Amino acid sequence: MKARLPAVAPRPSPRERATKTSPVAKRVLDGDMRALARLISDVEEGRPEAREVLRTLYPHTGNAPIVGISGPLGVGKSSLINQLLQHLRGKGKTVGVIAVDPSSPFSGGAVLGDRIRIERDPDDTGVFFRSMASRGHAGGVAQSTRDALRLLEAFGMDVLLVETVGSGQVDVEIHDIATTRVVVVVPHLGDEVQTLKAGLFEIADVFVVNKSELPGSERAVKDLQELAYLSVPRDGWTPRVVPTSAAQRTGISELWQAVEDHESAMRNGPGAEAGRKARAEQELRELLRERIERLAEEELGKEASWKTLLQEVVAKETDPYSAADRAFQELKRRI
Amino acid sequence: MAKSPPQTEASKQGKGGRPIRVLIAKPGLDGHDRGAKVVARALRDAGMEVIYAGLRQTPEDIVAAAMEEDVDLIGLSILSGAHNVLIPRVLELLKERKATDVQVFAGGIIPDEDAAKLRKLGVRAIFGPGATLATIIETARSLAAKRVARA
Ligand SMILES: Nc1nc2c(ncn2[C@@H]2O[C@H](COP(=O)(O)OP(=O)(O)OP(=O)(O)O)[C@@H](O)[C@H]2O)c(=O)[nH]1
Ligand SMILES: [Mg+2]
């Protein structure tokens, strides 16, 4: 159905809109580092004010490449990010980094240690590195990461890097935010590669064999290359395999070249539209799911019969399946 | 539905109810960071998010990291005796950045008369080698609460 659009006044440019609606948004656009740092905290807490700022900054986002760097514990992800930082700064690019580590399921606390590997001039405003704990909510940290990356881009970062430990659902969700997904392994990962193999090609556009100065690296590169050739190309792209040594600073420009090749293939290739759509859909679903869950929880909490129902299940007067059915019917009626 | 980890009330005393964020760093050129790591883990187990910046940090590195990470607290571990230079410099840089709401504590071997001077300059707490982890955790919590009150 075609709706007739009412005549509208000429739209203000994105920057005008942003500055009109929010002074905090303006501070981020103007490169205020502390405003950025505080906003990332607000995003992590899921504060509504932060959502408001993100809304106004949204037109300034979505163009910077997001490079996901994932892989098992200790393979050298942070060390590689450190080398990429030097490489990219040398090319005059500004870089924002988010490094995600798991929160302890017991205490809720976390030790975030990725910064140790980063060597940089503390006065260089062309780099912003932020450590983030997963805080135990699955969809939550993926959305926080997405939001933080948008803030970094609006702040003026040309390239965005995200580090995650490559295990578990949360990591895959974060990794999927990236426009280029790099998976890091080391020689002699052995069994680990075997178990990774099955799913590996679905989550990597570029493989890195780091610590390649160690024996066995040629073999690892060859194995991965063979697998890459055998795999079905996704959107016309066959995963690239790059040996690196973050310790000896080798393979870094080759790694970045592989990332750039993938970026331009995706930008111009047949899969470009599909990729954007997949990422947009995933985000929209997550945002909606979060709201639906919260709404359902609130509604259930209000329900007096909820307690009764629970008591019935505890007393084994009802089975949980029937109880869930009843609660669900009740919920549907109310929402 | 994904459950949040069981956070105790005390661990959420950071700004706006989030977990307390602490930067632990070891300025100066000397040796090992065993003590700093033990404190980092203890604070994590108390529900805090600890950004571990590691060894050989300059005051400039430390303050830049504290700003980026938006921490409530900075914990400095010092063995080298260079505390009389390094800690005041961190405080000075925080002042320059208008970030004196970030609370600084220190641990290590610091003679009493130096400790008194550092307290006057704005270090909120100083822990000697005999301090228990429980004391450090409690102090960190009450310092973070102070930051909220000031913010
Ligand atoms: N031999 C060798 N060691 C390396 C190389 N790159 C990193 N390392 C070492 O590997 C260890 C782990 O490095 P990180 O960069 O912290 O690895 P990571 O994957 O980020 O680790 P997590 O974040 O803990 O999973 C450190 O001791 C590094 O010095 C390399 O190319 N060769
Ligand atoms: Mg790391």
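The values are calculated or read from the model by the stated rules, or taken from the named source; none is laboratory data. Bear in mind that the values here come from a model prediction, so they are computed numbers and not experimental data. Note that we place each Cβ from the backbone using ideal geometry, even for glycine, and neighbour counts take in every protein chain shown. We work out accessible area using only protein heavy atoms, side chains counted, and drop any ligands, DNA or RNA first. Shrake-Rupley method; radii C 1.70, N 1.55, O 1.52, S 1.80 Å.
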Which residues, counting only those in region A:79-97, are more than 13 Å from ligand 1 (Cβ to nearest atom) and open to solvent by less than 10 Å² (accessible area, probe 1.4 Å)?
-> A:LEU88, A:VAL95, A:GLY96
Scope region A:18-33; condition modelled with pLDDT of 50 or more and either open to solvent by 40 Å² or more (accessible area, probe 1.4 Å) or touching a Gly at 6+ places or on another chain (Cβ under 7 Å) (or both); matching residues = A:LYS20, A:THR21, A:PRO23, A:VAL24, A:LYS26, A:ARG27, A:ASP30, A:GLY31, A:ASP32, A:MET33
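From the set of residues in region A:98-124 that are basic (Lys, Arg) and more than 7 Å from chain B (Cβ to nearest Cβ), which is nearest to ligand 1 (Cβ to nearest atom)? Working first, answer last.
Initial filter on region A:98-124 (basic (Lys, Arg)): A:115, A:117, A:120.
Checking the rest, the ones that are also more than 7 Å from chain B (Cβ to nearest Cβ) come to A:117, A:120.
Details: A:ARG117: 4, A:ARG120: 15 Å.
Only one residue fits best here, namely A:ARG117.
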Collect the residues in region A:116-138 that are in a loop (DSSP other than H, G, I, E, B) and away from ligand 2 (no atom under 12 Å from the Cβ), keeping them in residue-number order.
-> A:GLU119, A:ARG120, A:ASP121, A:PRO122, A:ASP123, A:ASP124, A:THR125, A:GLY126, A:SER134, A:ARG135, A:GLY136, A:HIS137
Among helices (runs of 4 or more DSSP H) entirely within region B:15-99, at least 3 residues that are open to solvent by 40 Å² or more (accessible area, probe 1.4 Å) and either closer than 18 Å to A:MET33 by Cβ or out of contact with any Lys or Arg (no Cβ under 9 Å at 6 or more places or on another chain) (or both) occur in B:34-45, B:83-96
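With respect to A:VAL170, determine if the residue is farther than 24 Å from A:THR94 by Cβ, modelled with pLDDT of 90 or more, within 16 Å of ligand 2 (Cβ to nearest atom) and not assigned by TED's automatic domain parsing to the domain that holds A:LEU29. Let's see the steps before the verdict.
Details: farther than 24 Å from A:THR94 by Cβ: yes; modelled with pLDDT of 90 or more: no; within 16 Å of ligand 2 (Cβ to nearest atom): yes; not assigned by TED's automatic domain parsing to the domain that holds A:LEU29: yes.
Considered against the rule, which asks whether it is farther than 24 Å from A:THR94 by Cβ, modelled with pLDDT of 90 or more, within 16 Å of ligand 2 (Cβ to nearest atom) and not assigned by TED's automatic domain parsing to the domain that holds A:LEU29, A:VAL170 comes out as no.
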Members of region B:15-66 that are modelled with pLDDT of 85 or more and of a type in the set (Asp, Glu) | B:ASP45, B:GLU49, B:GLU60, B:ASP61
All but one of (1) open to solvent by 10 Å² or more (accessible area, probe 1.4 Å); (2) part of a helix (DSSP H, G or I) hold for A:VAL141; which doesn't?
-> (1)
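Given the residues A:LEU149, A:LEU160, which is the only one that is under 19 Å from A:ARG47 (Cα atoms), away from chain B (no Cβ under 12 Å), open to solvent by less than 10 Å² (accessible area, probe 1.4 Å) and outside any loop (DSSP other than H, G, I, E, B)? Please lay out each step first, then the result.
On the way: A:LEU160 fails: under 19 Å from A:ARG47 (Cα atoms).
Residue meeting the stated conditions: A:LEU149.
Yes or no: region A:55-67 includes at least one residue that is out of contact with any strand residue (DSSP E or B) (no Cβ under 7 Å at 6 or more places or on another chain), among the charged types (D, E, K, R) and not assigned by TED's automatic domain parsing to the domain that holds A:ALA148.
Residues of region A:55-67 that are out of contact with any strand residue (DSSP E or B) (no Cβ under 7 Å at 6 or more places or on another chain), as a first pass: A:55-63.
Now narrow it down to the ones that are among the charged types (D, E, K, R): A:55.
Right, trim to not assigned by TED's automatic domain parsing to the domain that holds A:ALA148 and you get A:55.
Yes, some residue in region A:55-67 is out of contact with any strand residue (DSSP E or B) (no Cβ under 7 Å at 6 or more places or on another chain), among the charged types (D, E, K, R) and not assigned by TED's automatic domain parsing to the domain that holds A:ALA148.
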List the number of the failed condition for A:GLY74; all other conditions in (1) near ligand 1 (Cβ under 10 Å from one of its atoms); (2) open to solvent by 10 Å² or more (accessible area, probe 1.4 Å); (3) modelled with pLDDT of 95 or more; (4) away from chain B (no Cβ under 14 Å) hold.
-> (3)
Any residue in region A:258-281 that is open to solvent by less than 100 Å² (accessible area, probe 1.4 Å), at pLDDT 95 or above and out of contact with any strand residue (DSSP E or B) (no Cβ under 8 Å at 6 or more places or on another chain)?
-> yes
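Determine whether A:VAL313 is closer than 17 Å to A:GLY68 by Cβ, surrounded by 14 or more Cβ atoms within 10 Å (Cβ to Cβ) and not hydroxyl-bearing (Ser, Thr, Tyr). Can you show your working first?
On the way: closer than 17 Å to A:GLY68 by Cβ: no; surrounded by 14 or more Cβ atoms within 10 Å (Cβ to Cβ): yes; not hydroxyl-bearing (Ser, Thr, Tyr): yes.
No; evaluated as a whole, the condition is false for this residue.
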Conditions (1) of a type in the set (Val, Ile, Thr); (2) over 18 Å from B:LEU23 (Cβ atoms); (3) within 16 Å of ligand 1 (Cβ to nearest atom); (4) over 19 Å from the mean Cα position of the chain (by Cα); number of the one not met by A:THR56 = (3)
Quick check, is A:THR179 modelled with pLDDT of 85 or more, of a type in the set (Ser, Thr, Tyr) and away from ligand 1 (no atom under 16 Å from the Cβ)?
-> yes
